[in-house]
Amino acid sequence: MSNIKKAFDHGKAFVAFITCGDPDLETTAAVVRAAVANGADLIELGIPFSDPTAEGPVIQGANLRALSGGVTTDKIFDLVRELRRDVTVPMVFMTYANVVFSYGAERFISTCHDIGIDGLILPDLPFEEKEEFLPICHQYGVDLISLVAPTSENRIAMIAKEAEGFLYIVSSLGVTGTRSEIKTDLTSIVQVIRQSTDVPCAIGFGISTPEQAKRMADISDGAIVGSAIIKLLEKHGKKAPTYVGEYVKSMKDALR
């Protein structure tokens, strides 16, 4: 069984996204621990990239701040090694194919395995091109997590059949960011997924309030939140862990 499935074993999962190195790696470590202490079931760690095409202005800003601060992939690997001394929930990386390519795919993915990263999300990797990384992921026991978007339509069943870890359902067209309402017919997307796989699915993009999180988790297996957490980091900087902890608790309580 994929370690990621453990995040979905005890009710609806809350997945917290955190950009590594914004404002610095010490704060990232403290924020991860605060999120886990307050109920986060899975942590998505963003490896910053200079051209994060799936991200809206909030997470783009976090990427730029982290890169300006001198964050590197190797420093992030060290951060995960340090976190894994006491953080036991599943953790995945979210980054871009170019980051993995430039590091060397086998070197990157084998290091993920060594440090305790359970999965990899590459939003710019088309489903049809995943063979580029999939055999290496399988070799090292790292789940390559697929995304399903409202535009996937007749490809949803095909993507779901081959899904591993969990399926990331993109709630709306466009980039990441908080939204006042989510209008996509997500129920029918989840129905197709349920008919095709028993791999859990969680909904992300645009979720910021406990009410939205509950609505999304009611139709899927969990909710993914990024921009709302990054906004707290942008506002509070090194003092953010306390605020992120309170926010995660309010979101997890809504899912219960």
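We did not get these values from a lab; they are worked out from the coordinates using the rules stated. In this text the structure is predicted, and so the values were computed from the model without any measurement. Every residue, glycine among them, receives a Cβ derived from its backbone with ideal geometry; neighbour counts consider all protein chains shown.
In terms of distances greater than 32 angstrom between alpha carbons, the cross-link table entries Lys130/Lys239; Lys130/Lys235; Lys5/Lys249; Lys130/Lys249; Lys130/Lys238 yield Lys130/Lys239; Lys130/Lys235; Lys130/Lys249; Lys130/Lys238. Working note: Cα gyration tensor of the stretch 3-255, eigenvalues times five, square-rooted, sorted largest first, giving semi-axes of 24, 22, 17 Å. In the chain, the sites counted are GluC sites (Glu not before Pro) in DSSP loop states with at most 16 other Cβ atoms within 10 Å, and the longest stretch holding none of them, exclusive of the sites, is 1-161.
Modelled label positions at Glu162 and Arg84, each set 7 Å beyond Cα in the direction of Cβ, lie 2.7 nm from each other.
Annotation: extensible slack from Asp51 through Lys238 equals 64.8 nm (criterion: 0.36 nm per residue apart, minus Cα-Cα distance). Over the residues of the chain, the helix contribution to mean residue ellipticity at 222 nm works out to -13000 deg cm²/dmol, using -39500 (n - 2.57) for each DSSP H run of at least 4.
Under 1.5 on a/c is rounded, so check that first for the stretch 1-126, then, if it is not, pick prolate when a/b is larger than b/c and oblate when it is not; a ≥ b ≥ c are the square roots of the alpha carbon gyration tensor eigenvalues. Rounded is the answer for the stretch 1-126, as its axis ratio a/c remains below 1.5.
For the stretch 79-157 versus the stretch 213-247, the inter-centroid distance based on Cα atoms is 22 Å.
Ranked for footprinting exposure by Cβ neighbours inside 10 Å, fewest first, Arg194, Arg65 give Arg194, Arg65. Calculate, for Asp124 and Asp253, the FRET efficiency according to 1/(1 + (r/R0)^6) with r their C-beta to C-beta distance and R0 45 Å; round to the nearest 0.05. Computed FRET efficiency for Asp124 and Asp253 comes out at 0.85.
Among Ser250, Ala213, Pro90, which residue has its Cα furthest toward the positive end of the charge dipole of the stretch 3-255, with +1 on Lys/Arg Cβ and -1 on Asp/Glu Cβ? Of the options given, the answer is Ser250.
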